[in-house]
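The values are calculated or read from the model by the stated rules, or taken from the named source; none is laboratory data. As the structure is a prediction and not an experimental result, all values here were calculated from the model. Here the Cβ is made from the backbone with ideal geometry for all residues, glycine too, and neighbour counts use every protein chain on show.
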């Protein structure tokens, strides 16, 4: 059975376009716009302040105190492999570093590195490490 003109369903459908014309599209008020703009300026200022503080404090304050340890020298032995000579207090630690791990290769009392005058490549650590490994091989 088809609805007639007097049924409530037809009356509701007929009145929908009239309701759409009277309803206004909601917009952003000036107060909401200003509040959002102030929030955005505050967040940007906070980011700039944090970057300035990181620069001012330096990397030691950001990543912990590194006063007790320093890298004395390093040698690349491959595209992703390095050997580092670290000074920790009065001890030297030779560390092998790869992309996935770090390993202690040797520890010894702190010493002096030789001058770079006698080195062919100008790498004091490379010649020192070569002499050290030769001395370890010849030791009983």
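Considering (1) modelled with pLDDT of 75 or more; (2) surrounded by fewer than 10 Cβ atoms within 10 Å (Cβ to Cβ); (3) within 23 Å of the chain's Cα centre (by Cα), the lone condition that residue 31 does not fulfil carries the number (3).
Whether any residue in segment 57-66 is in contact with a strand residue (DSSP E or B) (Cβ under 9 Å, 6 or more places away or on another chain) and at pLDDT below 80 is what I want to check. Checked against the condition, which is being in contact with a strand residue (DSSP E or B) (Cβ under 9 Å, 6 or more places away or on another chain) and at pLDDT below 80, segment 57-66 yields no hits at all.
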